[in-house]
Amino acid sequence: MGSRLKDKPAILKLGGSVITRKDEPMTPNLQVIGRLAEEISRAHASSIVIVHGGGSYGHPIAKTYGITGGFRDQAQLVGFSRTHEAMVSLNKIVVGNLLDQVLPAFGMAPSSFTVTNEGRIQTFRVEPLTRAIRTGLIPVLYGDAVLDADQGFAILSGDQIAAFLAVKLNAVRLIMGVDVDGLYDSDPKTNPSAQLISHLTLEELQELRGKIGESQSPDVTGGMLGKVSELMTPVSRGIQAVIVNALKPSNIYKALKGEEVVGTKIEA
Ligand code: IP8
C-alpha cells in the first residue's frame, strides 16, 4: 500500500503552548481547544491530519526523567511510560472536542508505529494512517515518548512528525499553529521593534535559523528553533509551510481554507 492519497491532505500541527497552559502542569486550555475544534469543523477540509504538541503534559515529565537523552537507568522507565500516558490524556481531550463537533477524529499513538534512531524517525509504519485517511477519518497524532534503536527511547516531537508526514503524504500545506504571530526578524520578547516576517524563502529560513535562540520553557524538543529546523525538509520539497497564531480566532480556519492570514508563509 503506497502513501499516495487522492486528496492531498493538510497537515495541522497544534502547538502544546496553544492547547495547554504551559505554566500549569497537566492543564489543558479547554476554551482554545473547543474553539479550534469548531474552526476545523467549519473549514470542511477534505483531508486532514492533526498533530499536537505536549505543552504542560509531556514536557515537564520528560524533563524530570531525562527521557530525551535516552536510557541510562531503570528508574527512567516509569518516567518514559508516564510521559506517554500524559500525552494519551491530552490526546483524549483534543479528540473528544473534535468528536463533539461530529468530526471523525481518531487518536493514533506514534509510539505504536514509529521507531527513532538518535531521536530522528527511522521507521514509520504509515499504512494505518493512510488507511484511516482514505476511510474518511481524521488521524490525531501527537509528540510522543518512543522507542529508539540507538538510545533505548527518545522524545519524538510533534513538529518532526508533522514535517515528516507533510513530505510522506505530499501535503497540500503544513500549518504550524503556535502562540505567537509567526517568525520575527529579532526576538519580540526582548526587542519591542521586532518585525513580523510575512514571507520567507528557504534560503532566508536557513539564515534565520542561525539567529533563533532556544525556548525558555521546559520544552525538551527545542521550541521555535526546533520548529524552524523541521520545516527545512518539507519546504525544500516544495511544500508550503505557514506559521500562524492559533490563539487568535479564525487563523486556523483561514489557514485550512488556504486564505490569506497574518503569519509567516515559507516557500522554496
Ligand atoms: O511538544 C513533544 O512534542 P512537541 C511531546 O511537539 C512530549 O515538541 C512527549 C514531550
Please go through region 37-55 and pick out each residue that is more than 15 Å from Ser157 (Cβ to Cβ) and of a type in the set (Gly, Ala, Ser).
-> Ala37, Ser41, Ala43, Ala45, Ser46, Ser47
Residue list for region 16-62, restricted to those being within 12 Å of the ligand (Cβ to nearest atom), of a type in the set (A, V, I, L, M, F, W, C) and in a helix (DSSP H, G or I) = Val18, Ile19, Ile61, Ala62
Within region 144-158, track down each residue that is open to solvent by 10 Å² or more (accessible area, probe 1.4 Å) and under 22 Å from Lys92 (Cα atoms).
-> Leu147, Ile155, Ser157
Would you say Gln76 is away from the ligand (no atom under 16 Å from the Cβ) and either open to solvent by 10 Å² or more (accessible area, probe 1.4 Å) or out of contact with any Leu (no Cβ under 7 Å at 6 or more places or on another chain) (or both)?
-> no
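When the residues of region 173-195 are filtered to those that are assigned to a strand (DSSP E or B) and touching a residue at least 60 places away in the same chain (Cβ under 8 Å), which remaining residue is most open to solvent (accessible area, probe 1.4 Å)?
Across region 173-195, the extreme among qualifying residues is Arg173.
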Cross-chain or 6+ apart pairs with Cβ under 7 Å, region 141-166 first and in a helix (DSSP H, G or I) and hydroxyl-bearing (Ser, Thr, Tyr), then modelled with pLDDT under 95 and within 9 Å of the ligand (Cβ to nearest atom) = none
Report whether or not Ile243 is within 16 Å of the ligand (Cβ to nearest atom), touching a helix residue (DSSP H, G or I) at 6+ places or on another chain (Cβ under 9 Å), of a type in the set (Val, Ile, Thr) and at pLDDT 90 or above.
-> yes
What do you reckon, is Asn170 more than 27 Å from Glu85 (Cα to Cα), surrounded by fewer than 22 Cβ atoms within 10 Å (Cβ to Cβ), among the polar types (S, T, N, Q) and modelled with pLDDT of 95 or more?
-> yes
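The values are calculated or read from the model by the stated rules, or taken from the named source; none is laboratory data. Quick caveat: nothing in here was measured; it's all calculated off a predicted structure. A quick note on method: Cβ atoms are made from the backbone with ideal geometry, for glycine too, and the neighbour counts reach across all protein chains shown. Please note that ligands, DNA and RNA were not included when accessible areas were found on the heavy atoms of the full protein model with its side chains. Shrake-Rupley method; radii C 1.70, N 1.55, O 1.52, S 1.80 Å.
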